[in-house]
Amino acid sequence: MKTLEKTIRYRASAIDQLPETDRRLAERAQAACDGAWAPYSGFRVGAAALLDNGAVVAGNNQESEVFPAGLCAERVVIFSVLSQYSGRKILKMAIAAWHDGAFTDTPVTSCGICVQSLVDLEKRQGEPIAILFTGNRQTIAVERAADLLPFTFSLA
Ligand SMILES: [Zn+2]
């Protein structure tokens with residue numbers, strides 16, 4: 001038996017230290033929190049995706065009284081892009097969350113289903129999707145969603 005190790009590399013920084021393009025994408029994710037419908041969790045989540053044509057597609061979580069019929073912000077954006085921007089690739093996605101009357105100070109990370117969905121899309125589009133989790137004080141960035149799920153499910 002062997003003991004092996006997988007490591008990931010990520011960047012942590014204050015939101016105001018981000019490169020301009022990342023800061024703008026983070027602001028789009030924050031702005032998208034406004035449209036969330038989250039009366040049950042109280043977490044208004046916004047996501048913004050930068051596409052390979054320069055467009056930004058934003059979305060937010062939509063909860064349902066019929067749990068778990070709602071959808072997280074990340075998958076709202078993924079499916080919006082896939083259905084409305086056929087052939088385009090997502091290069092980067094920023095995620096932000098609003099809770100208790102303010103944006104969270106620390107980043108809120110994606111749930112496992114969203115991470116799996118992002119990894120699936122990376123495989124499908126043949127390009128990594130950089131992920132930027134943003135908080136008001138701190139951000140976390142990885143170069144590819146697969147870094148968040150080292151033992152991702154795969155049929156092949
Ligand atoms: Zn999710």
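For this structure, a couple of remarks:
- Enumeration of residues in the stretch 79-100 that are under 17 Å from Q116 (Cα atoms), in contact with an Asp or Glu (Cβ under 9 Å, 6 or more places away or on another chain) and among the aliphatic types (A, V, I, L, M): I90, L91, M93, A94, I95
- When the strands (runs of 3 or more DSSP E) confined to the stretch 37-132 are screened for residues that are touching a Phe, Trp or Tyr at 6+ places or on another chain (Cβ under 6 Å), those reaching at least 1 such residues are found at 44-51, 90-99.
- Leading residue by the ranking (surrounded by the fewest Cβ atoms within 10 Å (Cβ to Cβ)) among those in the stretch 49-79 that are away from the ligand (no atom under 15 Å from the Cβ) and hydrophobic (A, V, I, L, M, F, W, C): V66
- Residue check for S41: closer than 21 Å to L149 by Cα and touching an Asp or Glu at 6+ places or on another chain (Cβ under 9 Å): no
Just so you know, all these numbers are worked out from the coordinates, no wet-lab data involved. Since this is a predicted model, take the numbers as computed values, not measurements. Cβ sites come from the backbone with ideal geometry, for glycine too, and all protein chains shown count toward neighbours.
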